[in-house]
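> The structure that follows is given in the form of structure tokens.
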């Protein structure tokens, strides 16, 4: 295991256990180097990872401050469409309609927490099951991740992000609704205009709170069922 990973795991456990609480300042880089006998790059790599996970924030003039002690949610297992159907033993295919670097719409910019000048990879795909249209998907990924429009998007997007680019998705937030299909989507999904469809809007995150992908999917309800397991806690009323 790399030295920075060991330091990362130690600091994370100290934060999650309450050794360092929200608002506390971590030891300085120099103090960590002396205490743990590691290099400056090892300390900085560990701190960078904790920052990406949303646990700490470097604050000029103050130091490195703990801003969260644990993930905001305890997520269920997150799968993409391809992974979900593969688990059921049903093969899927993806037809790429377009892939390009663009300026994102304001809603997408907000969901991905992008700066005004940042662009995204906009990917439009038709997902098919046994040759029949299942879902029309609009995926948005920050261009800063280095995922270009020339890549092969016929497979699972999450797998591509994780395997090829080493960003590991930890959880997602879904908003599920119902709508009537508009003409442009109806022709692609082979549905009569105005047919009922399922809509899924998902933001996927790496670490504890860094958004990495946003997708809007229009899904044929006759080909897809969304299952959720809910737990009733002691404080339910």
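The values are calculated or read from the model by the stated rules, or taken from the named source; none is laboratory data. Since the structure is predicted, the reported quantities are computational estimates derived from the model, not experimental observations. Virtual Cβ from ideal backbone geometry, glycine too; neighbours counted across all protein chains shown.
> I'd like the full set of residues that are at pLDDT 95 or above, surrounded by 16 or more Cβ atoms within 10 Å (Cβ to Cβ) and in a strand (DSSP E or B), limited to the stretch 181-204.
197
> Next up: Can you tell which of 10, 26, 3 is buried (at least 17 other Cβ atoms within 10 Å of the Cβ) and either out of contact with any strand residue (DSSP E or B) (no Cβ under 8 Å at 6 or more places or on another chain) or at pLDDT 90 or above (or both)?
Step by step, each of 10, 26, 3 is checked, and only 26 is buried (at least 17 other Cβ atoms within 10 Å of the Cβ) and either out of contact with any strand residue (DSSP E or B) (no Cβ under 8 Å at 6 or more places or on another chain) or at pLDDT 90 or above (or both).
> In the stretch 149-167, is there at least one residue being in a loop (DSSP other than H, G, I, E, B), at pLDDT below 90 and buried (at least 18 other Cβ atoms within 10 Å of the Cβ)? Steps first, answer last, please.
Going through the stretch 149-167, the residues in a loop (DSSP other than H, G, I, E, B) turn out to be 149-156, 166-167.
If we keep only those that are at pLDDT below 90 as well, we get 155-156, 166-167.
If we keep only those that are buried (at least 18 other Cβ atoms within 10 Å of the Cβ) as well, we get 156, 167.
Within the stretch 149-167 (the criterion being in a loop (DSSP other than H, G, I, E, B), at pLDDT below 90 and buried (at least 18 other Cβ atoms within 10 Å of the Cβ)), the answer is yes, since at least one residue qualifies.
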